[in-house]
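I have placed the structure first, in the form of structure tokens, so that the comments after it can refer back to it.
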Amino acid sequence: MTEQIGRQSLTFCEAPFILQNASVAGSKEGEGPLGTLFDLVEPDDTFGEEKWEMAESQLQKQAVKILLSKSGLSPEQIRYLFAGDLLGQTIATSFGLMDYQIPLFGLYGACATCGEALSLAAMTVAAGYADLAAAVTSSHFASAEKQFRFPLEYANQRPMSATWTVTGSGAFLVCSPACFREKAKHISDQESFPVAITGITTGKIVDYGIKDAMNMGAAMAPAAADCIFHHLKDFGRKPKDYDYIVTGDLGLVGQEILIELLRQRGIEIEEQHRDCGIDIFDSKVQNTGAGGSGCGCSAVTLSACYLPKLRQGKLKRILFVPTGALLSKISFNEGQSVPGIAHGLVLESVA
Amino acid sequence: MEYVKAFVVGGIICALVQILLEKTRMLPGRVMVLLVCAGTLLGALQIYQPFVEFAGAGASVPLLGFGNVLWQGMEEAIQKEGVLGLFKGGFTASSAGICAALIFGYLGSLFFRSKMRK
């Protein structure tokens, strides 16, 4: 049974497990600090396709292929797929995953899609509506530029404050405890500690009126602060109850703002805070400005960096809070501000 | 000597615009519109054409120069054809430049493929 707690959280009494996870990344990510940790680094960012959108579809397809192979499962065994991406009408997801013929819920949460997908997969499994559900998301630098800014052919200048959309896809298998006990025996690389999603806090849209497309961190930090604040309140916890509080792509500027916003509400997270956008690139060497962004950023960083640490017992409990900016090219050009959203998940290594 | 003048003047204009881009958060599209309008205004004020004669390509190649060309074309056409010149003149004067941009852009897209940014 699950319990509704506070305004926007769930705590799972029979917590679902993350049975397996996979990450696929592009060349720049492969050259970054996490480069050796991804399941697959594809040096050809076209992934053998004619168009960037098709390349992103391939990215997702590959991520799911590796996920299935690592877990020894076939698509028929997965009841639901929760997936999304940054492109209009989420075409990367639709075209990328249709061949697997798994019942699909297509999602849009901007760069917080990983959190949204994992939350929904966890809810579905915990409620007994599936034994196995997958959560997949992706982003691709070139397709995102075309979607939100300009096609590469335009050769525009990018200011150093802009973030660098990660080319990557993360795929996760969420399963019920019963299913986990059965399947875990067959997984060869399962380290000592299984990882469970013990609770979630679903974010609300928060808009502080930021209209600067070059400062996404400032646009999303309020939403992350709101989610973290309500999470701690709903669960009756303090920041020190977590090894890390990991946001998706706030970058260095957003990080400062987040810590300050929470400080104003009496919560100090400076010690625990990490950010996937800061983790994934070495901004000094790789010229990536304010840091990584995109759905793929939080997804591949969770899969390649934080989940293994939880499995190895190096981390006991983290709060994973991917963040998203809910703008479109049209809303921005028509003068609207950039609202943000963030979704929190409690990931724990279980003895 | 004219090469030096063109290089220095063109360079200064570009440097000023780069500073504008970096110091303000103005979007590139808005900067371009600003330049074209400024060029048209300076042309109408009889300032820009003498400047072009001084600096050659350094003044005519940047977008300010394009704004000036629009004005020169309009002024000539208004003198010849009255009000109709207001609508025709700009396009007539800039036709070579616009057509060249279209054709070479298209040819470029036929022969080259975009690559990921590094």
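The values are calculated or read from the model by the stated rules, or taken from the named source; none is laboratory data. What you are looking at is a predicted structure, and each value in this text was computed from that prediction instead of being measured. So basically every Cβ, Gly included, is an ideal-geometry build from the backbone, and we count neighbours across all protein chains shown. The accessibility values were calculated without ligands, DNA or RNA, using every heavy atom of the protein model including side chains. Shrake-Rupley method; radii C 1.70, N 1.55, O 1.52, S 1.80 Å.
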With an 8 Å cut-off on Cα pairs and a minimum separation of 6 or more residues, tell me the relative contact order of the stretch A:223-349 in percent. 31
Phi to ³J(HN,Hα) by Karplus 6.51 cos²θ - 1.76 cosθ + 1.60 over the stretch A:98-103, Hz, x for Gly, Pro: 5, 5, 6, 6, 9, x
Counting only protein heavy atoms with a 1.4 Å probe and every protein chain in place, the carbon and sulfur fraction of the accessible surface of the stretch B:1-47 in whole percent equals 75
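So what is the relative contact order for the stretch A:83-188, in percent, with contacts set as C-alpha pairs under 8 Å and at least six apart? Write out the running numbers ahead of the final one.
Numbers: 135 pairs, mean separation 30.3, N = 106.
So the answer I get is 29 percent.
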Note: B:111-118 gets an average of partner chain Cβ contacts (10 Å, Cβ to Cβ) equal to 6
Using Cα pairs closer than 8 Å and at least 6 residues apart in sequence, work out the relative contact order for the stretch B:48-118, in percent. 20
Across A:Gly294, A:Gly72, A:Gly96, the residue with the highest GNM fluctuation in chain A (Cα network, 10 Å cutoff) is A:Gly72
Unit charges at the beta carbon, dipole of the stretch A:11-105: most positive-side option, A:Ala55, A:Phe38, A:Gly72: A:Gly72
Quick check on the stretch A:301-351: what are the equivalent-ellipsoid semi-axes from the Cα gyration tensor, as sqrt(5λ), descending, whole Å? 35, 10, 5
If you take the charge dipole of the stretch B:8-118 about its Cα centre, with +1 on Lys and Arg Cβ and -1 on Asp and Glu Cβ, which of B:Val31, B:Ser114, B:Gly56 is farthest toward its positive end? B:Ser114
Averaged over the residues of A:137-150, the number of partner chain Cβ atoms within 10 Å of each residue's own Cβ comes to 1
Tally Lys and Arg at +1 and Asp and Glu at -1 over the other residues with C-beta under 11 Å from the C-beta of A:Pro75: what net charge comes out? 0
Alpha-carbon Rg/Rh ratio, for the stretch A:89-195, with Rh computed the Kirkwood way: 1.08
Protein accessible area in the stretch A:1-151, 1.4 Å probe - carbon and sulfur %: 52
Springs between alpha-carbon pairs under 10 angstrom, Gaussian network model over chain A: which of A:Leu81, A:Leu310, A:Leu73 fluctuates most? A:Leu73
Kirkwood-Stokes translational diffusion coefficient of the stretch A:55-99, alpha-carbon pairs, 10 °C, 1.306 mPa s, µm²/s: 144
Of A:Lys61/A:Lys329; A:Lys204/A:Lys284; A:Lys51/A:Lys316; A:Lys284/A:Lys309, which ones are farther than 30 Å apart at the Cα? A:Lys204/A:Lys284; A:Lys51/A:Lys316
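Let's see if you can work this out: charge +1 on each Lys and Arg Cβ, -1 on each Asp and Glu Cβ, no other charges. What is the dipole magnitude of chain B about its Cα centre, in debye to the nearest 20?
Result for chain B is approximately 780 debye, rounded to the nearest 20.
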Counting only protein heavy atoms and rolling a 1.4 Å probe, one gets per residue an accessible area for the stretch A:1-144 in Å² of 39
Using label points projected 7 Å from each Cα along Cα→Cβ, tell me how many nm separate A:Glu334 and B:Val33, to one decimal. 1.7
Using only the alpha-carbon atoms of the protein assembly as shown as identical scatterers, what base-10 log of I(q)/I(0) does the Debye formula give at q = 0.07, 0.09 Å⁻¹? -0.44, -0.65
Under 5 Å, built H, 5+ apart or other chain: amide partners of A:Gly199: A:Phe12, A:Val346
Quick check on chain A: helices-only [θ] at 222 nm, where DSSP H runs of length 4 and up contribute -39,500 (n - 2.57) each and the sum goes over total residues. Nearest 500, please. -9500 deg cm²/dmol
Diffing the stretch A:195-200: the Karplus 3J(HN,Hα) column from phi (6.51, -1.76, 1.60, θ = phi - 60°), in whole Hz with x for Gly and Pro, holds 10, 10, 9, 8, x, 9
Karplus-derived HN-Hα couplings along the stretch A:201-207 (A = 6.51, B = -1.76, C = 1.60, θ = phi - 60°), whole Hz, x at Gly and Pro: 10, 7, x, 9, 6, 10, 10
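Divide by every residue of chain B the summed helix terms, -39500 (n - 2.57) for each DSSP H run of at least 4, and state the resulting mean residue ellipticity at 222 nm, rounded to the nearest 500 deg cm²/dmol.
-28000 deg cm²/dmol
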Compute, for chain A, the length of the dipole vector about the Cα centre, with Cβ point charges of +1 (Lys, Arg) and -1 (Asp, Glu) only. Units Debye, rounded to 20. 740
Sort the following peptides by mean Cβ neighbour count (other Cβ atoms within 10 Å, averaged over residues), highest first: A:125-134, B:97-106. A:125-134, B:97-106
GluC sites (Glu not before Pro) in the stretch A:29-109 lying in a DSSP loop, each with at most 13 other Cβ atoms within 10 Å of its Cβ, come to A:Glu50
In chain A the cysteines whose Cβ sits 4.7 Å or more from every other Cys Cβ are A:Cys13, A:Cys111, A:Cys114, A:Cys227, A:Cys276, A:Cys295, A:Cys297, A:Cys305
Largest fluctuation, A:Lys211, A:Lys329, A:Lys316 only, Gaussian network model of chain A with Cα springs under 10 angstrom, belongs to A:Lys329
How many angstrom lie between the Cα centre of the stretch B:64-93 and the Cα centre of the stretch A:242-272? 57
Part-to-part distance (alpha-carbon centres) for the stretch A:145-170 and the stretch A:287-320, which is given in Å: 21
Counting protein heavy atoms only and a 1.4 angstrom probe, how many square angstrom of accessible surface do chains A and B bury in total, to the nearest 100? 1400
